[in-house]
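Some notes on the structure that comes next.
The values are calculated or read from the model by the stated rules, or taken from the named source; none is laboratory data. Quick caveat, the model's predicted, so the values are computed rather than measured. Glycine also receives a Cβ, built like all others from the backbone with ideal geometry; neighbour counts cover every protein chain displayed. Just the protein is used for accessible areas: all its heavy atoms, side chains included, with ligands, DNA and RNA removed. Shrake-Rupley method; radii C 1.70, N 1.55, O 1.52, S 1.80 Å.
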Amino acid sequence: MRKVIVLTFVTLDGVMQAPGGPKEDDSGDFKYGGWAVPYFDEALGQVMEEQMGHPFDLLLGRKTFEIFASYWPHHPEEGASINNAKKYVASNTLTQHEWQNTHFLNGDIVAEIKKLKQQDGPELQVHGSANFIQTLLAHDLVDEFWLKIFPMTLGTGKRLFDRGTLPAAYHLVESKVTPSGVICAKFQRAGEVKTGSF
């Protein structure tokens, strides 16, 4: 069974909107685009390289796909792993694109993702895709979170758990802190929530 892995840059207050630049996503009058850039040191670059340095496929929402498609095909060396990956795009408006290896999931997106998870193949990495992640969370389709938690709060913007999520326990598989103070943590789904009493 293939894993769905959400890789996200997120602030302490859960904002994940437009970490990479002012024009990335300014919807909702978001003014802090590019908030991750000042913290992006060599150590964080190495983490990203490790996480994307093995075979994977991409599972993306339409907006993130369009951002990726406008950049990565024009950077073949830097973006080799992304360009070579199969791109599965959840969209009821787009049906084709010239970017190689792109497949569109239309209609019942949840059923399509469940089918994908049953197939043989590498992990399905979800980057960006704030709105689409809400669908994945609502239907319990996320197996792991690979979070980069930045030492800041923004107070506004699209959030990772924007519409809440189902109760679930997770196991911290790996963690490290970069010199700039970013916590990189991998969480793996670990069954149901347990409770107790002090």
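About its Cα centre, the dipole of the range 106-172 is roughly 260 debye, where the only charges are +1 on Lys and Arg Cβ and -1 on Asp and Glu Cβ. Give, as ranges by residue number, the residues of the range 36-73 whose backbone N falls under 11 Å from the point 7 Å along Cα→Cβ of Met152. Residues passing the 11 Å test: 36-40.
Would you please name the GluC sites (Glu not before Pro) within the range 55-105 that are DSSP coil residues with at most 15 other C-beta atoms within 10 Å of their C-beta? Kindly include the intermediate steps, with their values, before the conclusion.
On the way: sites: Glu66, Glu77, Glu78, Glu98; in loops: Glu77, Glu78, Glu98.
Of the GluC sites (Glu not before Pro), the ones in loops of the range 55-105 whose Cβ has at most 15 other Cβ atoms within 10 Å are Glu77, Glu78, Glu98.
With a Förster radius of 30 Å applied to the beta-carbon distance between Leu166 and Glu78, the computed FRET efficiency rounds to 0.25.
In whole percent, and with a 1.4 Å probe on the protein chains, what portion of the accessible area of the chain is carbon and sulfur? Roughly 53 percent of what the probe reaches on the chain is carbon or sulfur. In this structure His171 has an accessible area near 100 Å², from a 1.4 Å probe over the protein heavy atoms. Computed over the range 1-93, the range of Cα coordinates on each principal axis works out to 38, 35, 31 Å, biggest value leading. Taking 19 Å as the limit for the C-alpha separation, the pairs Lys148/Lys194; Lys115/Lys148; Lys86/Lys117 exceed it in the case of Lys148/Lys194; Lys115/Lys148.
Sort the range 15-69 into rounded, prolate or oblate with this rule: let a ≥ b ≥ c be the square roots of the eigenvalues of the Cα gyration tensor; rounded if a/c is under 1.5, and if a/c is not under 1.5, prolate when a/b is larger than b/c, oblate otherwise. Note, shape of the range 15-69 comes out oblate. Each residue of the range 121-128 is assigned a 3J(HN,Hα), and the resulting list reads x, x, 4, 9, 8, 10, 10, x Hz, derived from the Karplus form 6.51 cos²θ - 1.76 cosθ + 1.60 (θ = phi - 60°), x at Gly and Pro. For the pair Asp108/Glu123, report the inter-label distance in nm, with labels modelled 7 Å from Cα in the Cβ direction. Label at Asp108, label at Glu123, 2.9 nm between them. Given in Å, the Rg to one decimal and the Dmax to the nearest whole number for the Cα atoms of the range 102-180 are 14.9, 45.
With +1 on each Lys and Arg Cβ and -1 on each Asp and Glu Cβ, how big is the dipole of the chain about its Cα centre, in debye rounded to the nearest 20?
Details: 19 positive and 24 negative charges, 106 e Å.
Once rounded to the nearest 20, the dipole reads 500 debye.
Working note: Debye formula, equal point scatterers on the alpha-carbon atoms of the chain, no solvent; log10 I(q)/I(0) at q = 0.09, 0.13 Å⁻¹ is -0.33, -0.72. Ignoring lysines fewer than eight residues from Lys23 along the same chain, the ones with Cα atoms less than 19 angstrom from its Cα are Lys31, Lys63, Lys158.
In deg cm²/dmol, rounded to 500, what helix-only [θ] at 222 nm does the chain give when every DSSP H run of at least 4 residues adds -39500 (n - 2.57) and the total is split over its residues? List each step's numbers first, then the result.
Working: 5 runs with 44 residues, N = 198.
Result for the chain, helices only: -6000 deg cm²/dmol.
A 1.4 Å probe run over the chain, with the rest of the protein chains in place, finds 54 Å² accessible per residue.
Mind checking the range 112-186 for chymotrypsin sites (Phe, Trp or Tyr not before Pro) that DSSP puts in a loop (not H, G, I, E or B) and that have at most 15 other Cβ atoms within 10 Å?
Details: sites: Phe132, Phe145, Trp146, Phe161, Tyr170; in loops: Phe161.
Loop-located and lightly packed - Phe161.
Near the amide H of Ser91, within less than 5 Å, lie the amide hydrogens of Leu105, all on another chain or at least 5 residues away, with H placed in the peptide plane. Here the 3J(HN,Hα) profile of the range 140-155, calculated from phi with Karplus coefficients 6.51, -1.76 and 1.60 at θ = phi - 60°, is 6, 9, 9, 8, 9, 10, 10, 9, 10, 9, 8, x, 6, 10, 10, x Hz, Gly and Pro shown as x.
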